[in-house]
Each structure stands twice: as C-alpha cells, then as structure tokens.
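Notes to accompany the following structure.
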Amino acid sequence: MMNLCTNAFHAMEKTGGRLGISLKEIVLSREDMTHEPQVDTSSFIQLSVSDSGPGMTQEVKDKIFDPYFTTKGVGKGTGMGLSIVHGIIKSYGGFITLSSEPGKGTAFHIFLPVVSEELMTEKEAIKQIPIGTEKILFVDDEDILADMGKDMLERLGYHVTVRKNSIDALETFQNQPDLFDLVITDQTMPGMTGVDLARRMLQIRPDIPIILCTGYSSIISEEKAKSIGIREFALKPLTKKDIAVLIRKALDDI
C-alpha cells in the first residue's frame, strides 16, 4: 500500500489529481486467469489503487515489474518497489494486474485469495496473550518507540514508567529500586548502553528481572546478556504477543 500510493502521488505530484483506493470480494473464472495458471482458487479480495496521472505507454507497462526498472528521476526511487510488491503478492498465492493508458491514469489491482478458515474472535485472541498488573520501567531513547511501548504495555495491564535515556533511567531506579517489578531496556542508547545500564541496576538490586531488547548486534548476544544476570533477551521488532510472553517468563520464572 505504501509503495503503490507513493507511486500514485509521484505520478500526480506536478498537476494534482485523484487517488482512489477500493476493496471488494470477487469471484474469477478460469478464463479470467489465463495469465495466472499457478493460481488455484477463484475467490479473491481485490484491492485497487488508482490515480488520475499521465498514465503509461505499453513499453513502460511491459517493464514495470522488472527489478531496477524505474521512470522516476534521480533520488526518487530505487526501482525495486513494484518488483518487491509483485513478489509479496505472489508469495501469498495472489497476483497483480495493471491497467493504464497515456492520458487516462493508472490502476493497479491486487488479487489475494480469500481465507476460508474462521478467524478467532477478539476475545479469544486476547485470552491467548498473557497479561499482568506489575510495575515496569521501560527505557528507550527513541520517542516514538518509547510511546508505543508504553501504550502496548498498558494495554496488557501493566503500570509503566518511561525513561527516554539511560542516565535518567538509572537515576529513577537508584531513587526507588523496589518500586519496579521489571525493567525493559533498549541496548543501543547514547551515554550508556542497555547492558551497562543493566549491570548498574543489578549492582543496586541483584534480583531485578531485566529484559534487554536489541536489533542486530555484534556486541551483545543472548548468552552474554544472560551471563551478566539479564533475565531475558529479545530481538526487535517484537509483537505484542512476543513481549507479553517474555514478560511473564521473566517475572514468573523467578
């Protein structure tokens, strides 16, 4: 969606226009899919993204899904976007079509197979995610991640204190080390890494459960983290269920 809508925006950037997005269920016959012999279903969700831009010539249409092909100027694209979109849709058993003429705009139509299995209700899904009421100190220096983390943890029932740098987090913990049941900290932060912060917290209170979160890192591994007393180690990005399970594991395995 991001790729297709951005392409539509670029097509209309100079003159303005109309961006259309639609979603509907559709049944296709085998004749409708003569160019998609690998697709073995007939019921689809059709997602369409259209623009009223200048449209495309047949020559451009023939190459539009090729890797590295682009009609954009320097700095406006990698040429990989539509190729990747095509690959993602194909991996889900679907396909994408294009309709465009010079002067008449462009429309991409994505066809994804309808899932026939019955989905869990919201209440059933929530039951599968463990919750709690403990007090958590959450540390991340990126504002958006700190705010998102707080919101997610509070939805799980926890009482959350956020600190957006490791120095403030250490001071908060030093002032009231028994206030928190768990600390969740990012690894890569200016001033003091998550590992260094964890070491200092463990010196103050050796029994404090700590979860260290990191992206790819050649500096710290799960084995190294646990060897210094960090209770759990998590690789970003984390889903709500992932962090919920990890929190209960860190708290309940005391």
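Bear in mind these aren't lab numbers, they're just calculated from the coordinates by the rules spelled out. Values in this document were obtained by computation on a predicted structure and should not be read as measured data. Using ideal geometry, Cβ is built from the backbone for each residue, glycine included, and neighbour counts are taken over all protein chains shown.
Miscellaneous remarks
- Cβ-placed point charges (K, R +1; D, E -1), dipole of segment 2-113 about Cα centre in debye, nearest 20: 380
- Length-normalised contact order for segment 122-247 - Cα pairs under 8 Å, 6+ apart - percent: 23
- Checking the cross-link pairs 135/249; 150/236; 24/240; 150/241 against a 18 Å limit on the alpha carbon distance flags 24/240 as lying beyond it.
- Placing dummy labels 7 Å off each Cα toward the beta-carbon, the span from residue 23 to residue 131 is 2.6 nm.
- P(r), alpha carbons of segment 2-113 - 5 Å bins starting at zero, rounded %: 2, 11, 20, 24, 20, 13, 6, 2, 0
- Ellipsoid semi-axes in whole angstrom, largest first, where each is sqrt(5λ) of the Cα gyration tensor of the chain: 48, 23, 16
- Cβ charges +1 (Lys, Arg) and -1 (Asp, Glu), total dipole of the chain, debye: 340
- Length available on full extension from residue 154 to residue 240: 0.36 nm per residue minus the Cα-Cα distance, which gives 29.8 nm.
- Per-peptide packing, taken as the mean over residues of other Cβ atoms within 10 Å, places 130-138, 220-228 in the sequence 130-138, 220-228 from highest down.
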